[in-house]
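A.B. asks: Could you have a look at this structure, given as structure tokens, before my questions?
The values are calculated or read from the model by the stated rules, or taken from the named source; none is laboratory data. Note that the structure is predicted; figures quoted are calculated from it, not measured. When we count neighbours, we look across all protein chains shown, and the Cβ atoms used for this are built from the backbone with ideal geometry, even at glycine. All accessible areas refer to the heavy atoms of the entire protein, side chains included, with ligands and DNA or RNA removed. Shrake-Rupley method; radii C 1.70, N 1.55, O 1.52, S 1.80 Å.
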Amino acid sequence: MINFLTYFCLISGLIFWLWGTPVLFQKRSILYKLHSLSVADTLGSILIVVGLSLKIPSELPLLILAIISLTIWNTMLGYVLAYSANNQEEKSDG
Amino acid sequence: MILTLLIPIYQTWHEDNVWQKMVAVSSISSKVSIITLVISVLRDDWMMGVVGVIIITVGNAGLMLLAHLLKKIGENDSTQLIINN
């Protein structure tokens, strides 16, 4: 059962990666790309790390630290990039 | 995983707009850190695991500072053309 859950989390995380990353190829706005990347990178990565922690419970503290820092830092970086990039585009359009 | 890592690397090389490049580079940083964590679990080598977690934190923090720098630089009209070309 644990093995099934582990591989289910790893594969669904990888599916999120594969779903969100090809958006980079499209000629879309930065906010659109940031949204799909934050879903892919943050959510997909957290699923992968949850799968890893199910695989080796002995290193749970380190992997929980990875999940917490992923959640905080990826979200903040997405916000800062959106804020900075959006400011620039308004200025260059204006 | 390596395949999904190649997409933002190609995009970073191919894209001209600095903000699109920044979005791709931030995607590279979080993917590399997760791949490091996966390899450390497979090898059961926890020094690599710590390095993976440090990459998550410091990589994103560094990119945040760089974004602020680019924003400040972009606010000067003289450098505006450089940023947007």
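A.B. asks: Residues of chain A: accessible area per residue at 1.4 Å, in Å²?
C.D. replies: On a per-residue basis, 53 Å².
A.B. asks: Could you order the peptides A:54-64, B:54-64, B:21-31 from most to least packed, using the average number of other C-beta atoms within 10 Å per residue?
C.D. replies: B:21-31, B:54-64, A:54-64
A.B. asks: What number does the protein assembly as shown give for Rg over Rh if you use C-alpha atoms and the Kirkwood radius?
C.D. replies: My calculation puts Rg/Rh at 1.02.
A.B. asks: Keeping every protein chain present and rolling a 1.4 Å probe, give me the accessible area per residue for chain B in Å².
C.D. replies: 50
A.B. asks: Give me the compactness ratio for the stretch A:44-83, meaning the Cα radius of gyration over 2.2 N^0.38 Å.
C.D. replies: The reported ratio for this selection is 1.34.
A.B. asks: What's the Kirkwood radius of the stretch A:2-89 in Å, using all Cα pairs?
C.D. replies: That comes to 13.9 Å for the stretch A:2-89.
A.B. asks: So, one more: So for the stretch A:2-89, averaging the separation of alpha carbon pairs under 8 Å that are six or more residues apart and normalising by length, what relative contact order in percent results?
C.D. replies: 36
A.B. asks: How much of the accessible area of the protein assembly as shown, probe 1.4 Å, is carbon plus sulfur, in whole percent?
C.D. replies: 73
A.B. asks: Please give the total accessible area that chains B and A bury against each other, computed with a 1.4 Å probe and expressed in Å² to the nearest 100.
C.D. replies: Summed over both sides, the interface buries about 3700 Å².
A.B. asks: Taking the Cα centroid of the stretch B:1-42 and of the stretch A:60-87, what is the distance between the two, rounded to the nearest whole Å?
C.D. replies: The two parts, judged by their Cα centres, are 15 Å apart.
A.B. asks: So which residues in the stretch A:57-82 end up with at least 20 square angstrom less accessible surface once the other protein chains are there, compared with the chain by itself, probe 1.4 angstrom?
C.D. replies: For the stretch A:57-82, once contacts with the other chains are taken into account, A:Glu59, A:Leu62, A:Leu63, A:Ala66, A:Ser69, A:Leu70, A:Trp73, A:Asn74, A:Leu77, A:Val80, A:Leu81 lose 20 Å² or more.
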